[in-house]
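S.K.: Sending over a structure as structure tokens; questions will come in a sec.
The values are calculated or read from the model by the stated rules, or taken from the named source; none is laboratory data. As the structure is a prediction and not an experimental result, all values here were calculated from the model. Cβ sites come from the backbone with ideal geometry, for glycine too, and all protein chains shown count toward neighbours.
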Amino acid sequence: MHKQLAAILRRTTVAVFGFALAASSWAAGPAQSTVPKINDPARGWDSLWHEVIVDITIIGILFAVVTAYFVFTSRRTAANPVGASPKLSPASAVGWTVLPIFVFLSIDLYTAANGWVLWNHYRDVPADRLEVKLESGMYSWDYTYPNGVRTQNELIVPAGKPVMLRMTSRDTLHSHYIPDFRVKEDSMPGRVTYLWFHPTKPGEHLVTCAEYCGVMHSYMAGRVIVKSAEEYAAWMKQEETMLAAATATEATPAPAKAGTPAAKPKKT
Ligand SMILES: [Cu+2]
């Protein structure tokens, strides 16, 4: 009876693990598709930030409790009391100093290491991306798409594709900040910097200048407008048509000015 029970248990365990394995490989199926996974660090920054907030809250409460304890136990209870230093051996004095430093430093090193990993992910721009040039200037953001289409203060992008900005400035230092995508990077004259982000669904997001650049600095705001892939394609087609028409007009020689007197027929 005991052996039978063990056999049933063994078979059940094998079946459950087998099913779990099959289910997990089925669930992992889409990840093995040819579409590369975008390693967007934006959510990583958020969790790291939350971690820091939790850490400093716990440490703050801990310090407040210890301080309150010492304030209470060391309060003045008699007139002119004379205290006595605690007797600590050199080893325990070093221990009380080194251990807390190690504990708090390890938290700092842990968050710094996580930040370093995220930063490396961030500097590694996905290969399949939309690349747009940005020239900043007092006080506007001027975007140029690969086909020559230009926009000002509105960066229109398709959902689902990483967007990279190659940035420079025509006057002074600015900083292109898109809070919703957790990206901010200086743009400056004589140097090309970059940032990238991954818009996943249609919507609008604020762009603002995060570097004081002049008296109208606070008005240097724009928008990232994320459209669906179809809407973006339609918008881009329209812009390309307008650009082609404008280029054709520029290339055509100007007609004779209206009002120019026609050559008079010669009198015979
Ligand atoms: Cu600016």
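S.K.: Answer yes if at least one residue in the stretch 123-144 is of a type in the set (Phe, Trp, Tyr) and touching a residue at least 60 places away in the same chain (Cβ under 8 Å), and no otherwise.
M.R.: yes
S.K.: Among the residues of the stretch 197-216, how many are touching a residue at least 40 places away in the same chain (Cβ under 8 Å) and within 16 Å of the ligand (Cβ to nearest atom)?
M.R.: 5
A quick yes/no check of all residues on (1) of a type in the set (Phe, Trp, Tyr); (2) more than 16 Å from the ligand (Cβ to nearest atom); (3) touching a His at 6+ places or on another chain (Cβ under 7 Å); (4) at pLDDT 90 or above:
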residue: SER218; (1), (2), (3), (4): no, no, no, yes
residue: GLU231; (1), (2), (3), (4): no, yes, no, yes
residue: TRP235; (1), (2), (3), (4): yes, yes, no, yes
residue: ALA254; (1), (2), (3), (4): no, yes, no, no
residue: THR260; (1), (2), (3), (4): no, yes, no, no
residue: PRO265; (1), (2), (3), (4): no, yes, no, no
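S.K.: Of everything in the stretch 77-131, what is basic (Lys, Arg) and assigned to a helix (DSSP H, G or I)? Give them in sequence order.
M.R.: Residue satisfying the conditions is ARG123 alone.
S.K.: Could you identify the single residue in SER136, SER106 that is loosely packed, with under 13 Cβ neighbours inside 10 Å and either over 16 Å from the mean Cα position of the chain (by Cα) or more than 19 Å from GLU211 (Cβ to Cβ) (or both)?
M.R.: The unique qualifying residue is SER106.
S.K.: Kindly evaluate HIS176 against the criterion of being in contact with a Ser or Thr (Cβ under 9 Å, 6 or more places away or on another chain) and within 30 Å of ILE53 (Cα to Cα).
M.R.: yes
S.K.: While we're looking at this one, here's another question. Take the residues of the stretch 119-169 that are hydrophobic (A, V, I, L, M, F, W, C) and within 16 Å of the ligand (Cβ to nearest atom): which is nearest to LYS37 (Cα to Cα)?
M.R.: Filtering first and then ranking leaves LEU165.
Conditions tested, residue by residue: (1) more than 30 Å from LYS184 (Cβ to Cβ); (2) not assigned by TED's automatic domain parsing to the domain that holds LEU206.
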| site | (1), (2) |
| --- | --- |
| ALA78 | yes, yes |
| PRO86 | yes, yes |
| PRO90 | yes, yes |
| PHE102 | yes, yes |
| LEU109 | no, yes |
| LEU118 | no, yes |
| GLY137 | no, no |
| SER140 | no, no |
| ARG150 | no, no |
